[in-house]
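The structure appears below as structure tokens.
The values are calculated or read from the model by the stated rules, or taken from the named source; none is laboratory data. Please read these numbers as outputs of a predicted model, since none were measured by experiment. Positions of Cβ are backbone-derived with ideal geometry, glycine not excepted, and every protein chain shown enters the neighbour counts.
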Amino acid sequence: MPLTQCNPNLLQQSLDEQLTLQQEELLALHLTECETCRASLEQLAADQGSWKSVVKVLRDETSGEHAAARNAGSSLIPRAPLSADDDDFHDGPALKPSDFIVDFLEPSENKDSLGRLSNIEIREFIGQGAHGIVLKGFQEELNRLVAVKVMAPHLASVVAARKRFAREARATAAIVHPNVMPILHVDSSGQLPFLVMPYVDCESLQDRLDREGSLPILDILRISLQVARGLAAAHAQGLVHRDVKPANILLERGVERVMLTDFGLARAVDDATLTRSGLIAGTPHYMSPEQARGEGVDARSDLFSLGSVLYAMSTGRPPFRAETTYGILRRVTDETARPMRELNPEVPVWFDAIVMKLLTKSAAERFESAEQVAGLFEECLGHLQQPDVSPLPLIVRDLTPRKETRPLKKFLLLVAAVLAFISLSDIAVVFMHSKNPTEETELLGAESAPIEVTQPPLWNDGVDEDLKQLDTEMNTLLEQTNQ
Amino acid sequence: MLPLETRHSLIVRLKDVQNDFAWRDFVCAYEGFLIQLARRQGVPERHVPDVTQQILMAIAKSIEGWKDDGNSASFWRWLSTVSRNVAIRFMSQERKQTGGVGGSDLVSALQNVEAPPDQHSVRRYEHELIVWAAEQVRHEFIETSWRAFWATVIEERPVDEVASQLGVTAGSIYMSRSRIMAKIKKRIAEVNDQ
């Protein structure tokens, strides 16, 4: 017999990804023990016939004659275990650079060139993301190297995405700031829209996180400060980035410059309905709750995403994780992130507090602006470098939970606790003996009962607050013992 | 190739606004499948957009034959049946003459309702649809979940062994593989109301 209880409701909710992390863990444990529930879950997922035909087709597809006929390994077969980051989503519809070059570029006479795109000789394929591919090119008449970002065909076929791409890319071109990757040229008239940027030798923050895991606090602050400044510049132009994530933060090699990129594509991917439908590939790990709900966003949405990026830099992973896109969106809107110090004890308490404030679900409770955040980071950086000279900013100190309780206070608290417990038990006992049951419940539930114990306040350094908290806990305890 | 905006509204304004939306949604979901189908039928890459377009045109033209039977979702069901038939006819065509027919010839050939369905093509269609749905769903899941599904369902390896290899609990494998299956089924149902 299984030790945990069967709960058929949880099974359907699990398929619909409606369970909290905790419920999910409990159900997982239960499924290990209970064969009946395993069978019900499979039945709920699909009838036996569907399971059979899917299994048969996928086997046929990836083995024997079918696979051979297609002369390429099926993209359905998983990559070899332990070969890559497990938490990553498989990239969107496969886009082979060779196909792309044949279809999109014009032939070039230059033999070092892969082809031509407008007045650019394309020399190399740099990389590809879910939204497009990046090529390295050379503009002869201007004698400069450029990076060309071309929108992925699956996005280019979404009319709204194309329109936004053009509009936003033009808006970005108006931001001139050392922490924002400039856009030199936009072309959205052709088959696939593209934009041209200066070629910079850099890697993305995502690459660095993949390689190193979490980063030292000094690096985190240096990077965040520049990202916040870049955001502040964009916000000053009335532009919301909407896709602040490690892959869009570029770290220039050799110098400590950080640049924010990809404003142009941002609007194309912000639509949560597109993300949910799977039309837009990529991870929504860094979306704000208002984005995840498909609501309108303002600059404070970028602050939430910035908070998620800081979280990822501090712990090596984004704050909200789940098995599917939908699951992540739900966690972003409904659940509180685990304190960073549980994952990395080296994170300073005050830094954890800053990140948690950025990650507040309600936009109004985050910081006021990217500019304010940049200012804070600057002061924090000063504090880290010279703790004796530069104190932490006041706002940050106010966010930080009270320091460790001093020994005397601990002792006094203990005494207070014992006293409170005795008095409350007495009151409870008296009530139980003297009152009829209805009145008893009412009185025990009343807030006034235990206040007497804490008054008058004997200490002014916050102990009375601690005592109030103690009262509340006592109340709860009392209620529980009497139930 | 038609401009994108025309492609997506590519008919016939449907009188009923609901149906007009349904058509657009359907094209959004089905176009991806048709592109893959055309590729896998051996249509050369540069003809794929055109051929996909012809198939959608044939489907759109067949919509004229629709009559509301008063049942809910009647248009949707009808649409998915027509699309299925047109796609199957396309597969038979491609089998007969590899290299691809194009232009208005293809549209009229695909609309030829008299042509008996070729059983081989019907089976291939079901196969293509499941493969397409599985590929879509794969992108929605993290790699570990897909690996667990593949190893325990397709390769039928013991759950405990796979769990320890992947560093996850057996229980989480039971959950995610059912989730994956449910999603595959849902994807298929979105375009194929059989």
**Message:** Among the residues of region A:34-79, what is the count of those that are assigned to a helix (DSSP H, G or I), more than 8 Å from chain B (Cβ to nearest Cβ) and at pLDDT 90 or above?
**Reply:** 10
**Checklist (1) touching a residue at least 40 places away in the same chain (Cβ under 8 Å); (2) farther than 21 Å from A:Met313 by Cβ applied to A:Ile217, failing item** = (2)
**Prompt:** Of these, B:Ile188, B:Ile173, which one is closer than 18 Å to A:Asp60 by Cβ, of a type outside the set (Asp, Glu) and more than 7 Å from chain A (Cβ to nearest Cβ)?
**Reply:** B:Ile188
**Prompt:** Does region B:162-169 contain at least one residue that is of a type in the set (Ser, Thr, Tyr), closer than 17 Å to A:Leu76 by Cβ and modelled with pLDDT of 90 or more?
**Reply:** no
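Here's the yes/no breakdown for (1) surrounded by fewer than 22 Cβ atoms within 10 Å (Cβ to Cβ); (2) at pLDDT 90 or above; (3) within 7 Å of chain A (Cβ to nearest Cβ); (4) touching a His at 6+ places or on another chain (Cβ under 7 Å):
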position: B:Ala87; (1), (2), (3), (4): no, no, no, no
position: B:Lys96; (1), (2), (3), (4): yes, no, no, no
position: B:Gly103; (1), (2), (3), (4): yes, no, no, no
position: B:Val159; (1), (2), (3), (4): yes, yes, no, no
**Message:** Taking the conditions exactly as written (more than 7 Å from chain A (Cβ to nearest Cβ) and in contact with a helix residue (DSSP H, G or I) (Cβ under 8 Å, 6 or more places away or on another chain)), does B:Ala182 satisfy them or not?
**Reply:** no
**Message:** Looking at (1) hydrophobic (A, V, I, L, M, F, W, C); (2) buried (at least 22 other Cβ atoms within 10 Å of the Cβ); (3) closer than 30 Å to B:Arg89 by Cα, which one does B:Ile180 not meet, given that it meets all the others?
**Reply:** (3)
**Prompt:** Looking at (1) more than 8 Å from chain A (Cβ to nearest Cβ); (2) farther than 30 Å from B:Val27 by Cβ, which is the one condition that is false for B:Val153?
**Reply:** (1)
**Message:** Can you find a residue that is part of a helix (DSSP H, G or I), among the hydroxyl-bearing types (Ser, Thr, Tyr) and within 17 Å of A:Lys56 (Cα to Cα) anywhere in region B:152-164?
**Reply:** yes
**Request:** May I ask you to list the residues in region A:301-352 that are in contact with a Ser or Thr (Cβ under 7 Å, 6 or more places away or on another chain), surrounded by fewer than 20 Cβ atoms within 10 Å (Cβ to Cβ) and under 16 Å from A:Val396 (Cα atoms)?
**Result:** A:Val349, A:Trp350
**Item:** Matching residues in region A:219-256 - criterion: being small (Gly, Ala, Ser) and either modelled with pLDDT of 85 or more or farther than 15 Å from A:Glu203 by Cα (or both)
**Value:** A:Ser224, A:Ala228, A:Gly230, A:Ala232, A:Ala233, A:Ala234, A:Ala236, A:Gly238, A:Ala247
**Prompt:** Given the conditions (1) part of a helix (DSSP H, G or I); (2) modelled with pLDDT under 90; (3) more than 22 Å from A:Arg242 (Cβ to Cβ), which single one is not true for A:Pro387?
**Reply:** (1)
**Complete:** Restricting region A:235-261 to residues that are in contact with a strand residue (DSSP E or B) (Cβ under 8 Å, 6 or more places away or on another chain) and without any contact (Cβ under 8 Å) to a residue 60 or more places away in the chain, the one surrounded by the fewest Cβ atoms within 10 Å (Cβ to Cβ) turns out to be A:Arg253
**Message:** Anything in region B:39-63 that is in contact (Cβ under 8 Å) with a residue 40 or more places away in the chain, more than 13 Å from B:Trp23 (Cα to Cα) and not polar (S, T, N, Q)? List them, or say none.
**Reply:** B:Arg40, B:Gly42, B:Val43, B:Pro44, B:His47, B:Pro49, B:Asp50, B:Val51, B:Ile55, B:Ala58
